[in-house]
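What follows is a set of notes on a single structure, which appears directly below.
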Amino acid sequence: MSGEQMETPERGQAQPGQDGRFATAAGTCKLEHGKGPEKRAGHYQVTPEGREPFTIEAKGREAWALDPLRLAGTKGYTPITEPAPRWSAYVHKLRGQGVPIETVSEPHSGEFSGTHGRCVLRAVVRKGGAE
C-alpha cells in the first residue's frame, strides 16, 4: 500500500477474502427468528395469587421471557444457567403489564462468586387462556 487508506465495508457486507462469509464470535448463540405468523407472540391469561385474572398480549422477547418463567413454576428461572440478553428489561416490561414476578437473590460460587437473581412468577399464566 502506498499510503492509501482502506475503506470500511458497509454493514452487512462480506469482508474481502472471506468468500461471502461473515464473522461471528465463538460461542455466540444464534436464535431462530420466526417469520409472519410464526413469530413468538400471544395472549396470556394471568391469574395472580388472590386477585382477579386478566389477559395480556406478550410479543417478541417478552413472550420469549414469559415462557420459561411459566414452565419453571415455583422453582423460578435464572438466566445464569442459560444466559439471555437483556433479561431484566423483558421482566421489567412484563411487570409493567401487571405480571407479578418476584426476584429472589441467591448466591453462586466459582471464580466470580457473588449473587444473582432468580425470577419467580407469582401467578398462574396460561398461554392463549388455556393450557
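Every read-out reported here was derived from the displayed coordinates using simple, explicitly stated rules and does not represent laboratory data. Just so you know, these numbers come straight off a predicted model, no measurement behind them. Here Cβ is always computed from backbone atoms with ideal geometry, including for glycine, and neighbour counts include all displayed protein chains.
Once label points are set 7 Å from the Cα along Cα→Cβ at both Glu82 and Gln97, what is their separation, rounded to one decimal in nm?
Going from the Glu82 label point to the Gln97 one covers 1.8 nm.
For Cα pairs less than 8 Å apart in space and 6+ apart in sequence, what is the mean separation divided by the residue count of segment 38-127, i.e. the relative contact order in percent?
The normalised contact order for segment 38-127 reaches 36 percent.
In debye, nearest 20: dipole of segment 38-127 around its Cα centre with unit charges on the Cβ of K, R (+) and D, E (-)?
My answer is approximately 280 debye.
Would you tally the net charge around Pro100, using a Cβ to Cβ cut-off of less than 11 Å, leaving Pro100 out, and scoring K and R as +1, D and E as -1?
Residues close to Pro100 contribute a combined charge of +1.
Could you tell me what a quarter of the Cα convex hull surface of segment 38-127 works out to, in nm² with one decimal place?
Details: hull surface 24.3 nm².
Over every viewing direction, the Cα hull of segment 38-127 projects on average to 6.1 nm².
Taking 7 Å along the Cα-to-C-beta vector as the label spot, tell me the Val124-Val104 distance in nanometres, rounded to one decimal.
Going from the Val124 label point to the Val104 one covers 2.0 nm.
Per-residue counts of other Cβ atoms within 10 Å, averaged by peptide: what ranking do you get for 48-55, 101-108, 61-68, 74-81, highest first?
Order by mean packing, descending: 61-68, 74-81, 101-108, 48-55.
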